[in-house]
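*Asks:* I'd like to ask you about the structure that follows.
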Amino acid sequence: MTAISSNAGTSAPSAVKARRRPLIRPSRVVIFVFLLMAAAFFAVPLYVVIVTSFKTMDQIRLGQIFSLPSPWTTEAWSYAWTQACSGMNCNGVRVGFVNSLYILAPSLVLTISLSIVTGYGLALWNVKWANGFLFVLFICAFVPFQIIMYPLIKIAGGLHIYGTTFGIAVIHSVLSLPFLTLIFRNYFRGLPPQIIAAAMIDSGSFWRIFFEIVLPMSGNIMVVVLILMITGIWNDFLVGLTFGAQDTQPMTVVLNNITVTTTGAKNYAVDMASALLTALPPLVIYFVLGKFFVQGITAGAIKG
Amino acid sequence: MMKWKALGLAAALLAGTVLGGTASADEVVVYHTWSKPSEIAALGVLRDAWGKDGHQWKDLSIAHDSGANVSLMNMITGGNPPAIFMNSDPGIYRDLTKQGLGVPLTKLFDSIGATKNFPPAVLKNITVDGEIMKAPATVHIDGMIYYNKHVAEATGVDPKSWKSLDDLFADFDKVKAKGYIPIAQGGDQFQKAYLLQAVIASEEGPDIYNRFYGEKPDKSVIDTPEMRTALKRFRQIQQHTDPGSPNRQWNDTTNLVITGKALLQIHGDWMKGEFLAANQKLGTDFDCINIPGTKAVVVTVDAWGFLNTNNADTAKAQEDFAKLDVDPKINAAFVLKKGASPVRTDVDTSNLDACNKLVLETLKDPNKQVSNPFNTADADWYRTIWEQADKYWSDPNRTEDDFVKAMQDAYDQIF
């Protein structure tokens, strides 16, 4: 998201420059003001969150949310990481961090390996009832999790995976399967049909074509799917809350435990630091893979 | 191709069953919604005492305090429920009883002599359809006044001399003249709703309160002069709040009193935790009183519930837990850490502070206490009251008539 919008923002003025129009024009000013406002809309709350996380509670009680911390202290950060309590387990958000990793890894492997094969099969092979199946998938992709929650819990309970990290991973995979299958299917549809036809004539089997031709060509879409899935799963709260149990709560649920208070005193610095720590991993992924993400999207767009 | 898929599915299922572990037999899952230092310290008291009986506390916390406890029901559905949980919603206990999962406590509490020492409001809170179903952990009073002593001195006001709300309002001009906010109030729906509860109880007494907030409310009470007077009082308080009141959380509101920007806050007595966290001293920096001229206080009870697991060891652990929870010594230590008041009137008061003692003193009078509808009433009904209280408070153009009309309509729909 951020990568796309910032790209759009910089490319528009440079296109204007190329046509050698005067530098300051009303329309440009309007665009700048709008962009500044949009940036401030996201940046100001972020600023408050960051600044607050470095303050002491005494400073926060003064109520000057925009003032800089004096003195700066990283106490809240280390407290949030190692000591903040989620229930009686006072080991900080790192417990959730580890759980989130345990959830993320298997669900990425499961979802992507399953949906890439189904997408490939539906796109490039003659599958009976393929259109009907696609239609059902399409519908499934739009079913909100909440309305199938109860049967899913029943099924997970029956399979004895309810309340385990692996169980949460499986539920994530099941829930994102339709959508990802559609994405892969549409991407593979865009591959040059001649290549596949040639491969079939050379008597390539389903799996050989998949591993030797299709898979090496799907780098771009993999990055897109990876980013989508990592952010989606990492930021998920409801699935983790519903299917998690005592030791398996993901980072978002632990964060919720730390920050939400009913009748207890609140420490905002710790809340802010925990929130930032929880938000960090997907952000890092964006910064590392952001460039490929845009490439992946545009590659698909041009081919499609 | 079919083979591969079948194989993959089988592998996934196999991995699932192998990895699907549950808590070991001697650990008992205790589910609650607390995470704050004061709350953890309190739970620690109970855990340690229970540990001496040989029981292992397996902690599960989900900070998610919705009226209908979805998480608990999810865990029951998934076949991995906690044996002990913290919940005050009577609806949950009715559901459990219907499913044969309820654990009544009446006999147990009678046999250890706890029942007769619970204040009436507590007893009412923990009783569902004639049986004690919950083990009370703490008592909170929803409408107490906590005030900043330094501000009171600076403005020449003595809250302890107030005899009625009129005295309080009369003094507010002095407070305003010196540039302080007289009454700090936050914007959450529950804060306003709790305030209305406290006003109705303190001004109009238990009878009107119980007819309005009771388990089976009385429709005729909605349109009475008493209700209208209470609403006018509610409006009067609203007119003394500052412009920052909407959207403010209760603890930020308490902070106004702590930092000496406001004189007082009328809110649940858990705000004491904020004062203590800010290193304020009871008696020197701040103090507490009941609402002046109070006819009744609203009592909230945090309580534990138990789930029938048909396992003798677990049942023993649950029984020990319930006994310790209401033990006069343990309970006093528990609430001291939590910043609440004990659930029995016969506890050892030597370690309790002045505000705890005030609460216990008030609760000695059986005619001066009512229950928080959150612990006893129909969820639809009190949610509607919350909503209407919020609307009435937030919009000065709304009249008592609007409130009365809306509640009458709601009554017809709900009951």
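*Asks:* Which ranges mark the helices (runs of 4 or more DSSP H) fully within region B:339-415 that have 2 or more residues being farther than 17 Å from B:Ala296 by Cβ and without any contact (Cβ under 8 Å) to a residue 12 or more places away in the chain? Working first, answer last.
*Replies:* Values: elements: B:354-363, B:373-376, B:379-394, B:400-414.
Here the list reads B:400-414.
*Asks:* Being of a type in the set (Gly, Ala, Ser) and in contact (Cβ under 8 Å) with a residue 12 or more places away in the chain is the filter here; which residues of region A:60-100 pass it?
*Replies:* Of all residues in region A:60-100, those of a type in the set (Gly, Ala, Ser) come to A:63, A:67, A:70, A:76, A:78, A:80, A:84, A:86-87, A:92, A:96, A:100.
Passing the criteria: A:Ser67, A:Ala76, A:Ala80, A:Ala84, A:Ser86, A:Gly87, A:Gly92, A:Gly96, A:Ser100.
*Asks:* Quick check on this structure: which one of B:Lys163, B:Lys116, B:Lys174 is in a loop (DSSP other than H, G, I, E, B), open to solvent by 50 Å² or more (accessible area, probe 1.4 Å) and over 27 Å from B:Gln249 (Cβ atoms)?
*Replies:* Every option except B:Lys163 fails the conditions.
*Asks:* Could you give every pair whose Cβ atoms fall below 8 Å, whose first residue belongs to region B:221-243 and is hydrophobic (A, V, I, L, M, F, W, C), and whose second residue is part of a helix (DSSP H, G or I) and open to solvent by 30 Å² or more (accessible area, probe 1.4 Å), counting only separations of at least 6 or pairs across chains?
*Replies:* Cβ pairs passing all conditions: B:Val221/B:Arg211; B:Ile222/B:Gln408; B:Ile222/B:Tyr411; B:Met227/B:Glu204; B:Met227/B:Glu400; B:Ala230/B:Glu203; B:Ala230/B:Glu204; B:Leu231/B:Glu400.
*Asks:* Does at least one position in region B:278-295 carry a residue that is within 14 Å of chain A (Cβ to nearest Cβ), within 18 Å of B:Asn251 (Cβ to Cβ), open to solvent by 40 Å² or more (accessible area, probe 1.4 Å) and free of Cβ contacts under 8 Å to residues at least 60 places away in the same chain?
*Replies:* Within region B:278-295, one or more residues are within 14 Å of chain A (Cβ to nearest Cβ), within 18 Å of B:Asn251 (Cβ to Cβ), open to solvent by 40 Å² or more (accessible area, probe 1.4 Å) and free of Cβ contacts under 8 Å to residues at least 60 places away in the same chain.
*Asks:* Restricting to region B:177-199, and then to whatever is of a type in the set (A, V, I, L, M) and open to solvent by 30 Å² or more (accessible area, probe 1.4 Å), can you tell me which residue is nearest to B:Gln238 (Cα to Cα)? Let's see the steps before the verdict.
*Replies:* We begin by selecting, within region B:177-199, every residue of a type in the set (A, V, I, L, M); these are B:177, B:181, B:183-184, B:193, B:195-196, B:198-199.
Filter once more, keeping what is open to solvent by 30 Å² or more (accessible area, probe 1.4 Å): B:177, B:181.
Values: B:Ala177: 18, B:Ile181: 12 Å.
The residue in question is B:Ile181.
*Asks:* Let me ask something else. Which pairs do you get when a residue that is over 21 Å from B:Asn310 (Cα atoms), found in region B:96-114, comes within reach of a residue that is open to solvent by less than 50 Å² (accessible area, probe 1.4 Å), reach meaning Cβ atoms under 8 angstrom, with the pair 6+ apart or on two chains?
*Replies:* B:Ile112/B:Val326; B:Ala114/B:Val326; B:Ala114/B:Arg344
*Asks:* Only one residue in B:Phe334, B:Phe321 is over 20 Å from the mean Cα position of the chain (by Cα), under 18 Å from B:Phe85 (Cα atoms) and surrounded by 17 or more Cβ atoms within 10 Å (Cβ to Cβ), so which one is that?
*Replies:* Numbers: B:Phe334 fails: over 20 Å from the mean Cα position of the chain (by Cα).
Residue meeting the stated conditions: B:Phe321.
*Asks:* Could we say that A:Ile171 is within 14 Å of chain B (Cβ to nearest Cβ), under 17 Å from A:Gly240 (Cα atoms) and surrounded by 21 or more Cβ atoms within 10 Å (Cβ to Cβ) here? It would help to see each step written out before you state the result.
*Replies:* On the way: within 14 Å of chain B (Cβ to nearest Cβ): yes; under 17 Å from A:Gly240 (Cα atoms): yes; surrounded by 21 or more Cβ atoms within 10 Å (Cβ to Cβ): yes.
The answer is yes for A:Ile171.
*Asks:* Would you pick out the residues in region A:40-69 that are over 23 Å from A:Thr278 (Cβ atoms) and more than 14 Å from every other protein chain (Cβ to nearest Cβ)?
*Replies:* Across region A:40-69, the qualifying residues are A:Ala40, A:Phe66, A:Ser67, A:Leu68.
*Asks:* What is the number of the single condition among (1) buried (at least 16 other Cβ atoms within 10 Å of the Cβ); (2) at pLDDT below 90; (3) more than 13 Å from every other protein chain (Cβ to nearest Cβ) that B:Asn247 does not meet?
*Replies:* All conditions pass for B:Asn247, except number (1).
*Asks:* So A:Met217 passes all but one of these: (1) over 25 Å from B:Glu27 (Cβ atoms); (2) in contact with a Leu (Cβ under 7 Å, 6 or more places away or on another chain); (3) open to solvent by less than 20 Å² (accessible area, probe 1.4 Å). Which condition number does it fail?
*Replies:* Of (1) over 25 Å from B:Glu27 (Cβ atoms); (2) in contact with a Leu (Cβ under 7 Å, 6 or more places away or on another chain); (3) open to solvent by less than 20 Å² (accessible area, probe 1.4 Å), only one is false for A:Met217: (3).
*Asks:* Starting from region B:76-87, keep only residues that are more than 8 Å from every other protein chain (Cβ to nearest Cβ), then list their pairs with residues that are among the hydroxyl-bearing types (Ser, Thr, Tyr) whose Cβ atoms are within a distance under 6 Å, requiring at least 6 positions of separation or different chains.
*Replies:* B:Pro82/B:Tyr31; B:Ala83/B:Thr309; B:Ala83/B:Thr314; B:Phe85/B:Tyr31
Yes/no matrix, rows are residues, columns are (1) of a type in the set (Asp, Glu); (2) open to solvent by 60 Å² or more (accessible area, probe 1.4 Å); (3) in the same structural domain as B:Val122 (by the TED database):
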residue	(1), (2), (3)
B:Gly339	no, no, yes
B:Pro342	no, no, yes
B:Val347	no, no, yes
B:Leu358	no, no, no
B:Thr362	no, no, no
B:Asn367	no, yes, no
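*Asks:* Could you check region B:139-160 and list, in sequence order, the residues that are open to solvent by less than 40 Å² (accessible area, probe 1.4 Å) and part of a loop (DSSP other than H, G, I, E, B)? Outline the logic, then answer.
*Replies:* From region B:139-160, those open to solvent by less than 40 Å² (accessible area, probe 1.4 Å) are B:139-148, B:151-152, B:155, B:157, B:159; that's our starting set.
Passing the criteria: B:Asp142, B:Gly143, B:Val157.
*Asks:* What are the pairs with Cβ atoms under 6 angstrom where one residue, in region A:250-277, is more than 16 Å from B:Ser38 (Cα to Cα) and polar (S, T, N, Q) and the other, located anywhere, is open to solvent by 30 Å² or more (accessible area, probe 1.4 Å) and not in a helix (DSSP H, G or I)? Sequence gap at least six, or different chains.
*Replies:* Within 6 Å, the pairs are A:Thr252/A:Phe237.
The values are calculated or read from the model by the stated rules, or taken from the named source; none is laboratory data. As the structure is a computational prediction, the values presented were derived from the model and not from experiment. Backbone-built Cβ (ideal geometry, glycine too); neighbour counts: all protein chains shown. Side chains are part of the model used for accessible areas, which takes the heavy atoms of the whole protein and leaves out ligands, DNA and RNA. Shrake-Rupley method; radii C 1.70, N 1.55, O 1.52, S 1.80 Å.
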